[in-house]
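Supplied in structure tokens, the structure appears directly below.
The values are calculated or read from the model by the stated rules, or taken from the named source; none is laboratory data. Given the structure is predicted, the values throughout are model-derived calculations rather than measurements. As a convention, Cβ positions derive from the backbone with ideal geometry for all residues, glycine included, and neighbour counts pool all protein chains shown.
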Amino acid sequence: MLNRMDRPQPMAGEAEVKFLDGDFRIVKPGAFVRCAQTGVPIPLEELKYWSVDLQEAYVSPAAVFERQSAGRAR
């Protein structure tokens, strides 16, 4: 084919991420991380919520709240 553009394959599997203040660094490439509260996969391009102290990702503000509430109950 003429003018065919080869696109890179999307990353598959779970990524390993180092969570920083306001940013994160990918340690092991992958397509997603799992929510620490729900176990739901979160695509890296949609990752917005995490804990630097606990090094955990969360799918939503509700999951953050649930995790913090569970931590206080201990």
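Within segment 29-43, can you find the residues that are under 8 Å from the mean Cα position of the chain (by Cα), of a type outside the set (F, W, Y) and crowded, with 17+ Cβ neighbours inside 10 Å?
Once the filter is applied, which keeps residues that are under 8 Å from the mean Cα position of the chain (by Cα), of a type outside the set (F, W, Y) and crowded, with 17+ Cβ neighbours inside 10 Å, segment 29-43 yields V33, C35, I42.
List the residue pairs whose Cβ atoms are under 8 Å apart, where the first residue sits in segment 1-27 and is closer than 30 Å to L54 by Cα, the second is at pLDDT 95 or above and of a type in the set (D, E), and the two are 6 or more positions apart or on different chains.
Listed by first residue and then by second, the contacts come to F19/E56; I26/E16; V27/E16.
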